[in-house]
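The values are calculated or read from the model by the stated rules, or taken from the named source; none is laboratory data. These numbers come from a predicted model, not from an experiment. Glycine gets a Cβ as well: all are built from the backbone with ideal geometry, and neighbour counts include every protein chain shown.
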Amino acid sequence: MKTRRPLTPEEIQESQRLKAIYEQRKQAAKIAGRSLNQADVADACGWSGQSAFSQYATGKVPLNLEALLRMAKALDFSPAEVSPRLLKGIAEPMQPSKDMELKPIRAWDEKTPVDEDEVAVPFLKEVELAAGSGRFGIEEDDGSKLRFDKASLRANGVQFEKAKCVRVRGNSMTPVLRDGATVGVNTGLTSITDITDGELYAINHSGQLRVKQAYRMPGGIRLRSFNRDEHPDEDYSFQQMQDQEISIIGHVFWWGMYAK
């Protein structure tokens, strides 16, 4: 039997905070003349039975980002209240120290030459292959580019010429990636064997640009959205991937978006 690893002190505190929020919501529901139990929360999260929620709330298994986001929606709390650790990869703005010298903001546009320590990363876009054909392909956008400093790309193992940008469309990846968010993609990682389960990847699906969590499956691949209520998992065999022209564009190493 496979034994679970012990939780770290930080993970234990996260489960305790989650349980405290649940107890508060349960008491508030009681005062309002309603009932709330762990089975209700599990059901709202799309899990069968109460055991899944119970394992997180009692510290039997550590929290992960997907579970945290589901429970935050079900119990109406900010994910940061429970686990700032899991949110670090989503948005962690750098806070200037008192000793940090803040340089003036310099305006630039697509015509401004890049500095020696920068790379102008092109965007990928969907294009119709022939007028009215209904078939699409993906190519670089000649106009839109986003600047990255070379040190950041090196730190993420991205070769400069392999860096591309993709805009997210739709609500399938909310609340992590809203409609209009931009992701940086390492197109040097395009093989099924390059997939790390649960990581984000840009996908070419018959000429449609998609961003999904990817999982390796026996004989195929699973694509997962964060908004699983409206966008359930998609499982494809290798043959289906070939038939539907599904391929991996690359691994998402960065993302950003406006607040609204």
Options Ala29, Ala52, Ala42: the member that is modelled with pLDDT under 85 and crowded, with 18+ Cβ neighbours inside 10 Å: Ala52
Scan of segment 193-250 for residues that are within 29 Å of Lys73 (Cα to Cα) and β-branched (Val, Ile, Thr), ordered by number: Ile195, Thr196, Ile203, Val211, Ile221
Show the residue pairs that are 6+ apart or on different chains and have beta-carbon atoms under 7 Å apart, the first residue being within segment 209-225 and over 10 Å from Ile195 (Cα atoms), the second being of a type in the set (Phe, Trp, Tyr) and in a strand (DSSP E or B). Lys212/Tyr201; Gly220/Tyr236; Arg222/Tyr215; Arg224/Tyr215
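Given the options Met217, Met173, name the one that is farther than 23 Å from Glu126 by Cβ and at pLDDT 90 or above.
Working: Met173 fails: farther than 23 Å from Glu126 by Cβ.
Among Met217, Met173, only Met217 is farther than 23 Å from Glu126 by Cβ and at pLDDT 90 or above.
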